[in-house]
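Have a look at the structure below, then the notes.
The values are calculated or read from the model by the stated rules, or taken from the named source; none is laboratory data. This structure is a prediction, so every number in the text was calculated from the model and none was measured. Every residue, glycine among them, receives a Cβ derived from its backbone with ideal geometry; neighbour counts consider all protein chains shown.
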Amino acid sequence: LSSVVSGLALGSTATTGSGVGGYPITGSGASAANYAITYATGTLTVNPAALTITADNASKTYGAANPTFSASFSGLVNGDLSSVVSGLALGSTASTGSGVGGYPITGSGASAANYAITYAPGALTVNAAPLTITANDASRVFGAADPTFTALFSGLVNGDNSSVVSGLSLATTATAASPSGTYPITGSGASAANY
């Protein structure tokens with residue numbers, strides 16, 4: 001039985017900081033009555049550590065270019081920093097013209113010595129662009145019907161024009177019987193996808 005052996009020490013040249021690969025495991029110091037001892041070397045295999053690269057969530061306004069994406073790194077060991085990772089590319093299916101909503105941010109192309117890399121997606125949120133509808137000034141003669149009111153649209157992007165706006169109603173508190181003076185023209189009811 002192995003209990004007849006005393007003083008056996010087993011060790012390897014590998015340390016906590018040793019990189020991926022194979023390292024010899026060697027024996028020494030053993031003694032056993034009635035036995036002439038020789039040692040056969042074993043192998044300590046250091047496998048890659050698991051590293052997860054998670055794309056950070058981001059946001060932008062409709063019509064704007066994608067922001068510069070960033071990522072978080074989970075699983076780095078031995079005091080390693082994200083600088084050990086090279087080749088990381090972060091991208092999204094969203095473009096300047098992508099409408100309001102959520103789009104994945106994904107990572108690819110990364111490598112790092114001593115790590116097995118997996119990716120977790122983030123989310124790019126495209127928010128509505130601000131659109132200001134300003135009623136144009138108008139005039140009429142006392143006793144006449146109101147003219148057809150018009151408006152100016154400020155903030156349209158991506159080549160959009162006023163046709164993307166629906167439901168706009170422009171009205172004033174003035175009536176045909178209102179005396180001469182200045183009355184507000186106000187807008188209401190408008191909607192526009194992505195604004």
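Summary of computed values
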read-out	value
Wholly within segment 4-63, strands (runs of 3 or more DSSP E) carrying at least 3 residues that are farther than 27 Å from residue 119 by Cα	9-12, 21-28, 42-46
Residues of segment 175-195 classified as modelled with pLDDT under 95, of a type outside the set (Ser, Thr, Tyr) and surrounded by 10 or more Cβ atoms within 10 Å (Cβ to Cβ), total	1
Filter result (within 44 Å of the chain's Cα centre (by Cα) and either part of a loop (DSSP other than H, G, I, E, B) or not aliphatic (A, V, I, L, M) (or both)) within segment 177-189	186, 187, 188, 189
Filter result for residue 64 (more than 30 Å from residue 189 (Cβ to Cβ), among the aliphatic types (A, V, I, L, M) and surrounded by 11 or more Cβ atoms within 10 Å (Cβ to Cβ))	no
Criterion violated by residue 68 - all others in (1) assigned to a strand (DSSP E or B); (2) free of Cβ contacts under 8 Å to residues at least 12 places away in the same chain satisfied	(1)
Residue 113 vs. criteria within 30 Å of residue 48 (Cβ to Cβ), assigned to a loop (DSSP other than H, G, I, E, B) and hydrophobic (A, V, I, L, M, F, W, C)	yes
Counted residues, segment 116-133 - those being outside any loop (DSSP other than H, G, I, E, B) and touching a residue at least 40 places away in the same chain (Cβ under 8 Å)	12
Every residue from segment 147-176 that is assigned to a loop (DSSP other than H, G, I, E, B) and either hydrophobic (A, V, I, L, M, F, W, C) or touching a Leu at 6+ places or on another chain (Cβ under 7 Å) (or both)	149, 155, 156, 157, 165, 168, 174, 176
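Residue-by-condition table, conditions (1) surrounded by fewer than 16 Cβ atoms within 10 Å (Cβ to Cβ); (2) touching a strand residue (DSSP E or B) at 6+ places or on another chain (Cβ under 9 Å):
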{"site": "38", "(1), (2)": "yes, no"}
{"site": "91", "(1), (2)": "yes, yes"}
{"site": "103", "(1), (2)": "no, yes"}
{"site": "110", "(1), (2)": "no, yes"}
{"site": "113", "(1), (2)": "yes, no"}
{"site": "122", "(1), (2)": "no, yes"}
